[in-house]
1. If Ser12 satisfies every condition in (1) surrounded by 10 or more Cβ atoms within 10 Å (Cβ to Cβ); (2) within 30 Å of Gly138 (Cα to Cα) but one, which is the exception?
2. Among the candidates Lys17, Lys27, single out the residue that is at negative phi, within 16 Å of the chain's Cα centre (by Cα) and modelled with pLDDT under 90.
3. Does region 72-88 include one or more residues that are out of contact with any Gly (no Cβ under 8 Å at 6 or more places or on another chain), modelled with pLDDT under 95, outside any strand (DSSP E or B) and over 22 Å from Ser160 (Cβ atoms)?
4. (1) farther than 15 Å from Ala53 by Cα; (2) at pLDDT 90 or above; (3) part of a helix (DSSP H, G or I): which one isn't true of Trp103, the others all being true?
5. Confirm whether Glu108 is over 30 Å from Ala46 (Cβ atoms), without any contact (Cβ under 8 Å) to a residue 24 or more places away in the chain and not aliphatic (A, V, I, L, M).
6. Would you mind stating whether Ser169 is polar (S, T, N, Q), out of contact with any strand residue (DSSP E or B) (no Cβ under 9 Å at 6 or more places or on another chain), over 19 Å from Ala46 (Cα atoms) and surrounded by fewer than 17 Cβ atoms within 10 Å (Cβ to Cβ)?
7. Looking only at region 17-73, which residues are out of contact with any Lys or Arg (no Cβ under 9 Å at 6 or more places or on another chain), more than 27 Å from Gln119 (Cα to Cα), among the small types (Gly, Ala, Ser) and touching a residue at least 24 places away in the same chain (Cβ under 8 Å)?
8. Any idea which of (1) loosely packed, with under 11 Cβ neighbours inside 10 Å; (2) within 21 Å of Thr184 (Cβ to Cβ); (3) touching a strand residue (DSSP E or B) at 6+ places or on another chain (Cβ under 8 Å); (4) not acidic (Asp, Glu) is the one Ser143 doesn't satisfy?
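The values are calculated or read from the model by the stated rules, or taken from the named source; none is laboratory data. Since the structure is predicted, the reported quantities are computational estimates derived from the model, not experimental observations. As a convention, Cβ positions derive from the backbone with ideal geometry for all residues, glycine included, and neighbour counts pool all protein chains shown.
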Amino acid sequence: MAFEQGRGFAVSNFMSKVDNLGGIARKNKFSVEITPPTSLVSEVEASAISFLAKTVSFPAKSFGSTTYRSGGRFGLEVPYETTSEPVSITMLNTNNHAPRKFWNSWFEHIQSMDSRNMQYYKKFIGTVKISCFDVDAGEVNPSLAKYQVTLHDAWPKTISAIELGWENSDLADFDIDIAYSWWTETN
């Protein structure tokens with residue numbers, strides 16, 4: 001980290017540089033906006049449960065790589081494609097199980113448990129927007145987000161179990177892994 005001559009490792013120097021970059025981002029000021037496929041029929045609207053997202057991760061990105069050999073003497077690791085992992089959302093569950101019902105209906109939309117037929121890809125994809133807000137944000141309005149990621153062609157890949165137990169008085173929550181084709185960032 002580069003510091004100004006004569007000021008060394010002063011905290012004020014560090015804080016000044018951070019302030020010039022807009023301050024340190026907080027993890028607790030976020031929203032998740034779920035847009036399911038238009039053909040999805042569910043008794044629960046996505047807008048009614050989006051605020052129950054307890055945690056979410058921004059998408060990771062990595063390269064698939066291979067070893068390039070030259071004359072058999074040395075190996076050089078080189079990238080050949082960009083890969084992405086599913087994004088995980090932890091949802092709080094409610095007493096009427098609305099969040100669980102919503103995600104289960106999306107799963108049922110992808111593959112009917114009655115017929116076991118799979119839906120066409122273009123009919124079961126939606127979008128998920130993850131917005132991060134400034135520490136001083138007073139309202140959840142994605143147009144005011146400092147940073148926003150949109151997962152395109154998104155669909156739920158897995159839904160976790162909800163562990164119940166007599167000795168457990170924790171809030172009920174579950175994880176959904178969202179697969180997607182690509183993502184974009186704004187702001």
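1. All conditions are met except number (1).
2. Lys27
3. yes
4. (1)
5. no
6. yes
7. Scanning region 17-73 gives Gly23, Ser57, Ala60.
8. Here Ser143 meets the rest and fails (3).
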